Amino acid sequence: MRVLVAPALTALPLLGPGSLLDVGSGNGSPGLVFSLLEPHRAATLLEPRAKRWAFLREAARAGGREDIRVLRQRHDAYTGPPAANVTVRGLRLSLRALEPLVEPGGRLLVFGAPPAPAEGWREVSTSAPAGPAVFVRSG
């Protein structure tokens, strides 16, 4: 619990209003955790690996959130609408690679090494010392 759920709980207040897109959802943290804690929030989880995709689908169903979209695909194959909040954990992706996924004015929460700065993005300072890096896409 400490490794997967605690960081998501700490970061929950950093999300803005609106939809959630979790890239590389894997074990469900933080995207599935956020989705289960906020049943009013529309959520999409992207996971290309079959076993983890199947786990996420079952976990969402077992958590009473059959409305969570769990797609078996990579971020660069996603053709759905951009989200107000995008989360990434343990993936080294550039802000440019993630830009099509984040709506203008939306937030990107990066758990792990933050990407290099890029034009069209600003980093938001947070009071959570061990929390995710938070970026806002210019609108």
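The values are calculated or read from the model by the stated rules, or taken from the named source; none is laboratory data. Worth saying up front: this structure is predicted, and the values here are computed from it rather than measured. In this analysis, Cβ positions are derived from the backbone assuming ideal geometry, glycine residues included, and neighbour counts consider all displayed protein chains.
Evaluated against (1) at pLDDT 95 or above; (2) exposed (fewer than 13 other Cβ atoms within 10 Å of the Cβ); (3) touching a helix residue (DSSP H, G or I) at 6+ places or on another chain (Cβ under 9 Å), ALA130 falls short on exactly one condition, (1). Scanning region 72-110 for residues that are of a type in the set (A, V, I, L, M, F, W, C), more than 13 Å from the chain's Cα centre (by Cα) and surrounded by fewer than 19 Cβ atoms within 10 Å (Cβ to Cβ) yields ALA77, ALA97. Reported count of residues in region 8-36, each being surrounded by fewer than 21 Cβ atoms within 10 Å (Cβ to Cβ) and either free of Cβ contacts under 8 Å to residues at least 12 places away in the same chain or closer than 16 Å to ARG107 by Cβ (or both), is 9. Highlighted here are the strands (runs of 3 or more DSSP E) found entirely within region 37-139 that include at least 1 residues which are at negative phi, free of Cβ contacts under 8 Å to residues at least 60 places away in the same chain and in contact with a Leu (Cβ under 8 Å, 6 or more places away or on another chain): 43-46, 69-71, 102-111, 121-124, 133-137. Take VAL33 and tell me if it is in a strand (DSSP E or B), among the β-branched types (Val, Ile, Thr) and touching a Leu at 6+ places or on another chain (Cβ under 9 Å). Spelling it out, it is not the case that VAL33 is in a strand (DSSP E or B), among the β-branched types (Val, Ile, Thr) and touching a Leu at 6+ places or on another chain (Cβ under 9 Å). Just one of the listed residues (ARG57, ARG74, ARG41) is within 23 Å of ALA116 (Cβ to Cβ) and among the basic types (Lys, Arg), namely ARG74. Scanning region 112-121 for residues that are surrounded by 12 or more Cβ atoms within 10 Å (Cβ to Cβ) and at pLDDT 95 or above gives PRO115, ALA118, GLY120, TRP121. Among the criteria (1) closer than 26 Å to VAL124 by Cα; (2) at pLDDT 95 or above; (3) not aromatic (Phe, Trp, Tyr), the one ALA11 does not fulfil is (2).
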